[in-house]
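Visitor: Structure below; questions to follow.
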Amino acid sequence: MAAHLGHAGLPAAIPVRVEWSADAVADLDRFADFLHRHYPSLAGAVAQEIIVKAKVLSEQPLLGHPIAGREHYRQIVLQVLRAAYVLQYRVESERVVILRVFHGRERRK
């Protein structure tokens with residue numbers, strides 16, 4: 001089938017590691033704390049689902065959009081339990097580093 005779509009002979013993408021910065025982990029902890037206070041049943045599920053969905057960057061590190069004015073930085077919006085979460089990340093040669101995670105409605109500094 002791929003030969004008919006013009007993809008024959010393309011090399012397979014080499015997966016890269018997805019790593020989380022201390023700030024991104026702190027963001028996940030902040031979400032968990034908020035959810036634990038307001039929606040206890042969602043506290044663990046949301047952070048876990050963000051981590052699982054972020055793994056798409058291992059196979060497709062350029063999936064997100066470039067961040068204006070920051071040449072090597074990108075961001076992607078992930079839908080997690082009917083809410084949007086924005087991941088900002090940097091692509092390096094053999095890894096993707098998640099730098100920050102924001103809720104879609106959150107004010108960013």
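The values are calculated or read from the model by the stated rules, or taken from the named source; none is laboratory data. This one's a predicted model, so the numbers in the text were calculated from it and none came from an experiment. Positions of Cβ are generated from backbone atoms using ideal geometry, with glycine treated the same way; all protein chains shown enter the neighbour counts.
Visitor: Helices (runs of 4 or more DSSP H) wholly in the stretch 9-109 with at least 3 residues that are in contact with a helix residue (DSSP H, G or I) (Cβ under 7 Å, 6 or more places away or on another chain) - which ones?
Guide: Where helices (runs of 4 or more DSSP H) fall fully within the stretch 9-109 and carry at least 3 residues being in contact with a helix residue (DSSP H, G or I) (Cβ under 7 Å, 6 or more places away or on another chain), they are 22-38, 43-54.
Visitor: Still on this structure: Can you tell me which residue is surrounded by the fewest Cβ atoms within 10 Å (Cβ to Cβ) among those in the stretch 32-55 that are free of Cβ contacts under 8 Å to residues at least 12 places away in the same chain and closer than 18 Å to Ile76 by Cβ?
Guide: Val52
Visitor: Sticking with this structure for a sec: Pick from the stretch 68-82 the residues that are surrounded by 15 or more Cβ atoms within 10 Å (Cβ to Cβ) and not charged (D, E, K, R): which of them is modelled with the lowest pLDDT?
Guide: Only one residue fits best here, namely Val80.
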